[in-house]
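> This structure is in structure tokens; I'll ask about it shortly.
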Amino acid sequence: MKHILMACWLASTTAWADKLPVNNFKVSNPYTHKGIVRTDTVNFQGRHYDDNEGLERTVSVRMWKNGTDVAATEGRLPLASLEKPAVRLIGFTFENSRFAKLRVWTKGNAARTIYIDNQEVNGEQSIVPGRHEVAMKVITEANEADTLQVMIESKQSEYITVNPTGKRLYTLADYMNGEKTGGASLSSSGRYLILYTSFTRADAQRENKTQLIDLKTGNTSVINSFKQWTSTGDCYITERKGVNGEFIYETVDPATGKTTYLATNYTGESGHFLRGEREMVINHTDEGPKEDPQVHQIVMPDDRQPGWRKRNNIRFLNVETGQLIRLTEGTRNVYVSFSPDQRRLALTVRTDDLTERPFSFSSVLLYDRDTEKVDTLVRRDGFISQVAFSADGNKLYITGSPEAFDGVGMNDPTGKVPSMVQTELFEMDLASRQVRSLTCDFDPNIKSFNICRSNGNIYALCENRDCQAMYCYSPKTDKWSQLKLSECFVKNYAIASEKPMLCYIGQGDSNADRLYTVDLKTGKETLVRDWNEERMGEIALGECKDWNFQSSRGDTIYGRYYLPPHFDPSKKYPMLVYYYGGCSPTGRTLESYYNHHGWAAMGYVVYVIQPSGCTGFGQEFAARHVNTYGQGTADDIIEGTKQFCKEHPYVNEKKIGCLGASYGGFMTMYLMTVTDIFAASMSHAGISNPTSYWGFGYWGYSYNATAAANSYPWNNEKLLSGQAPLFRADKAHTPILFLHGAADTNVPINESIQMFTALKILGRECAFVTVEGQDHHILDYEKQRKWVNTYYAWFAKWLQDDPTWWDSMYPKKNL
């Protein structure tokens, strides 16, 4: 091994770049073989045993941090003579703010193996931005002193710091690895909480956990097979499969650990226990007609989608008798919600009709289980969604777009077609059947809602500009109020069924998840679990600040910006501009693979804008998304970028990049055809031709019911072709990167292919990278890492004048 290592050292001593000496190390005590009892004179290979053999394997390289701090001079570290052969662990750290190609340059007589981030390396390495660990296993011969010299050799040495102090930079690995939350729920009395988490390791392995937390004592335990809480008290129900595939349900008392048998379900389909745990409601799947898998008819555009022919019908399982009761049958999808006494059901029946926008319609039926009477409450409304009974059972609360119930909730004085993504809340009085909007003058956009049975109020998770906040609607006062919470972006929430108590998980623009409970009577908020210190305690973040501007149309356009850590206002920085530009705002969260703080850590100023068309700003603002395909939205982005640069002189106006995904990818392509203020751009899964997307995407025609309401290729060519980046490709001159999942069914990959082809024919600078096997979102761990690094490398090439990363990932092909 020593001869091989020495040969590697000789190859590494060629001067090819700047050398940064390492003058401080962690050095372990020497590890030696004690006394080895050998039962043979030769090993399995027939060679005589060597005292040095296996010495390197006696200690893990990960233990180098346990060593003692030792100073060196000009990278020279003396190693004292020992009576026996020994291995020492010697380590240090470095941090590179940009991608770097480097070598760990070493000189000395001792054999050594080098590791970077626990991986054995040899020769030149490609190192992504971040803080990295270098460890060496150094083996010295008996009675031989040595001097080990260590340097880092790199052409990007100006971006490398050896043995950095203080907090480290935020990286993609910090987002991808570690523990993340999946949701939480409260027991009926609010005493206990279930928390779902997942832990991802650097090798992409993931472990999911369900944790039971006693909110009174703080005790936490990991449990299995949790299904739901019982409707009263603190017990929970578990579900497991028996030897013949049947579902077996048991209740568990978390205070005593006592388990009690509840029921067995032989139907093969799981469901949800109703109040009292005497019945289970099952969403039963009926299979539609089968086709020849090799040659088959497509009866509807949606018939291309796997599972579209399946239909949902409602079944009840009597827990005591085991009888399965069929409530609904038919070829339409049916969904159910229950009155508090479970005597009456609201059945939502879905029907498709492609001859009329919005192509899918819902009817709501009121079914009385005692009389078996069915009454129609809502007939064929295409704009409603969630349905729930009030706490007293006398009203229905229904979410829908402003066009629901013949537009009773519309409040846009301009008369534009409302955005179907803008969600309002309606109240139907079951006695009079009168419907009124509860949110007609309420700008936040409702994402979901729940009814607190103990106080009768409605609690809704709403988009409020770029935040997600909790709001309370009081039927007694007919007023909305915002809950005063610590986190600006609530990810998910749950309400106890017997107590006015809420739990939620939220984060902010600069902090990771935190879990809280909230007393809905007093408003008192209690922190239960904080992941921020664990995930972010060692990380230095730059500042995130609000920045809004007045557009030429007189609107206040909201946004925020991120500065690099250790920001110096006297310097010039490249800038990245991020937007969605479609029907939703870009949420004010820390963690995303479009990671604003991560971009700032690589030396960019980051501007996130909420342009016209976003929900969360009221109906009129959201309606600007409809029948515009870039008009107005692009003006906001361009004006905002110019004004931001004018007010912030530390931005290098010649080094601005822009990026977006899905509709944001469309916006990137469109922007390239109307402005030249950007030096580089990236479009992930973008739409280049609304007409081809309309016809080919799984949801193309139904999405256009919102984005291009009542507009079709045959009646509005000016919109669907005139606004298409593909039909304006000759006006694009900015270098653009196209990224796309090869298996994308939402925005098919042809949308990137055809724009890439057009720009190639026009001789414009562009690149196209596909991610095999991935759909609209890149979820596979290793593929996500490469996908993100691809656009990092692209912007480093064009905005930081360093093609090293890009050329490393995508070297030039001579074809």
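The values are calculated or read from the model by the stated rules, or taken from the named source; none is laboratory data. Owing to the predicted nature of the structure, the values given are computational and were not obtained by experimental measurement. In this analysis, Cβ positions are derived from the backbone assuming ideal geometry, glycine residues included, and neighbour counts consider all displayed protein chains. Note: areas computed on protein heavy atoms with side chains; ligands, DNA, RNA excluded. Shrake-Rupley method; radii C 1.70, N 1.55, O 1.52, S 1.80 Å.
> Mind checking which residues of segment 195-214 are closer than 20 Å to G598 by Cβ and either part of a helix (DSSP H, G or I) or charged (D, E, K, R) (or both)?
Residue satisfying the conditions is R201 alone.
> State the number of residues belonging to segment 466-493 that are surrounded by fewer than 17 Cβ atoms within 10 Å (Cβ to Cβ), assigned to a strand (DSSP E or B) and under 27 Å from the mean Cα position of the chain (by Cα). Can you show your working first?
Taking segment 466-493 as the starting set, the residues that turn out to be surrounded by fewer than 17 Cβ atoms within 10 Å (Cβ to Cβ) are 474, 476-479, 481-482, 484, 486.
Those left that are additionally assigned to a strand (DSSP E or B): 474, 479, 481-482.
Keeping just the survivors that are under 27 Å from the mean Cα position of the chain (by Cα) gives 482.
Looking only at that region, the number is 1.
> Kindly provide the set of residues from segment 55-66 that are surrounded by 15 or more Cβ atoms within 10 Å (Cβ to Cβ) and under 23 Å from N143 (Cβ atoms), ordered by number.
Matches in segment 55-66: L55, E56, V59.
> Can you confirm whether segment 422-435 contains a residue that is touching a helix residue (DSSP H, G or I) at 6+ places or on another chain (Cβ under 6 Å) and more than 15 Å from S390 (Cα to Cα)?
Yes, some residue in segment 422-435 is touching a helix residue (DSSP H, G or I) at 6+ places or on another chain (Cβ under 6 Å) and more than 15 Å from S390 (Cα to Cα).
> Sticking with this structure for a sec: Could you look through segment 54-69, keep only residues that are at pLDDT 90 or above and assigned to a helix (DSSP H, G or I), and pick out the one that is farthest from D117 (Cα to Cα)?
N66
> Now a separate question. How many residues does segment 155-194 contain that are part of a strand (DSSP E or B) and either of a type in the set (V, I, T) or touching a Lys or Arg at 6+ places or on another chain (Cβ under 7 Å) (or both)?
Here is the first cut: in segment 155-194, the residues part of a strand (DSSP E or B) are 160-162, 168, 178-186, 192-194.
Next cut, either of a type in the set (V, I, T) or touching a Lys or Arg at 6+ places or on another chain (Cβ under 7 Å) (or both) only: 160-162, 168, 178, 181, 194.
Adding up the residues that qualify gives 7.
> Free of Cβ contacts under 8 Å to residues at least 40 places away in the same chain, in a strand (DSSP E or B) and crowded, with 20+ Cβ neighbours inside 10 Å, is that true of I90?
no
> Let me ask something additional. I need a count of the residues in segment 114-123 that are in contact with an Asp or Glu (Cβ under 9 Å, 6 or more places away or on another chain) and either at pLDDT below 95 or open to solvent by 20 Å² or more (accessible area, probe 1.4 Å) (or both). I'd like the intermediate steps shown before the answer.
Of the residues in segment 114-123, the ones in contact with an Asp or Glu (Cβ under 9 Å, 6 or more places away or on another chain) are 114-118.
Now restrict to residues that are either at pLDDT below 95 or open to solvent by 20 Å² or more (accessible area, probe 1.4 Å) (or both): 114-115, 117-118.
Adding up the residues that qualify gives 4.
> Also: How many residues are in contact (Cβ under 8 Å) with a residue 40 or more places away in the chain and in a loop (DSSP other than H, G, I, E, B) if we restrict to segment 111-151?
10
> Considering segment 10-35 alone, what residues qualify as being among the aliphatic types (A, V, I, L, M), at pLDDT below 75 and assigned to a loop (DSSP other than H, G, I, E, B)?
A15, A17 - these are the residues of segment 10-35 that are among the aliphatic types (A, V, I, L, M), at pLDDT below 75 and assigned to a loop (DSSP other than H, G, I, E, B).
> Could you grab me the full set of residues in segment 343-358 that are over 17 Å from E329 (Cα atoms) and open to solvent by less than 20 Å² (accessible area, probe 1.4 Å)?
Residue satisfying the conditions is P358 alone.
> Continuing with the same structure: Among the residues of segment 141-167, how many are closer than 16 Å to P78 by Cβ and not β-branched (V, I, T)?
Number of matching residues: 7.
> Still on this structure: Write out, first by first residue and then by second, each pair whose Cβ atoms fall under 6 Å of each other, whose residues are 6+ apart or on separate chains, and whose first residue, in segment 787-815, is free of Cβ contacts under 8 Å to residues at least 40 places away in the same chain while the second is open to solvent by 50 Å² or more (accessible area, probe 1.4 Å).
P803/K797; W806/K797
> Hey, another quick one. Got a number for residues in segment 405-460 being among the polar types (S, T, N, Q) and open to solvent by 40 Å² or more (accessible area, probe 1.4 Å)? Before the answer, list the steps.
Pass one, segment 405-460, residues among the polar types (S, T, N, Q): 411, 414, 419, 422-423, 432, 434, 437, 439, 445, 448, 450, 454-455, 457.
From what is left, the residues that are open to solvent by 40 Å² or more (accessible area, probe 1.4 Å) are 411, 414, 432, 434, 450, 454-455.
Residues meeting the conditions: 7.
> Taking the conditions exactly as written (modelled with pLDDT of 95 or more, among the polar types (S, T, N, Q) and open to solvent by less than 30 Å² (accessible area, probe 1.4 Å)), does T251 satisfy them or not? First the steps, then the outcome.
Values: modelled with pLDDT of 95 or more: yes; among the polar types (S, T, N, Q): yes; open to solvent by less than 30 Å² (accessible area, probe 1.4 Å): yes.
Yes.
> Here is a list: L262, L212, L186, L195. Which entry is out of contact with any Phe, Trp or Tyr (no Cβ under 8 Å at 6 or more places or on another chain), touching a residue at least 24 places away in the same chain (Cβ under 8 Å), surrounded by 17 or more Cβ atoms within 10 Å (Cβ to Cβ) and hydrophobic (A, V, I, L, M, F, W, C)?
Answer to the check: L195.
> Follow-up. Out of contact with any helix residue (DSSP H, G or I) (no Cβ under 9 Å at 6 or more places or on another chain), open to solvent by 10 Å² or more (accessible area, probe 1.4 Å) and in a helix (DSSP H, G or I) - does that describe any residue in segment 572-589?
Checked segment 572-589: no residue is out of contact with any helix residue (DSSP H, G or I) (no Cβ under 9 Å at 6 or more places or on another chain), open to solvent by 10 Å² or more (accessible area, probe 1.4 Å) and in a helix (DSSP H, G or I).
> Test K227 against the criterion of being loosely packed, with under 15 Cβ neighbours inside 10 Å and under 23 Å from Y493 (Cβ atoms), and give yes or no. Walk me through how you get there before you give the answer.
On the way: loosely packed, with under 15 Cβ neighbours inside 10 Å: no; under 23 Å from Y493 (Cβ atoms): yes.
For K227, the condition - loosely packed, with under 15 Cβ neighbours inside 10 Å and under 23 Å from Y493 (Cβ atoms) - is not met.
> Let me spell it out: the conditions are (1) surrounded by 16 or more Cβ atoms within 10 Å (Cβ to Cβ); (2) among the small types (G, A, S); (3) out of contact with any Lys or Arg (no Cβ under 8 Å at 6 or more places or on another chain), and G763 meets all of them except one. Which number is the exception?
(1)
> If I go through segment 526-565 residue by residue, how many of them are in contact (Cβ under 8 Å) with a residue 12 or more places away in the chain, over 29 Å from T200 (Cβ atoms) and of a type outside the set (V, I, T)?
Number of matching residues: 11.
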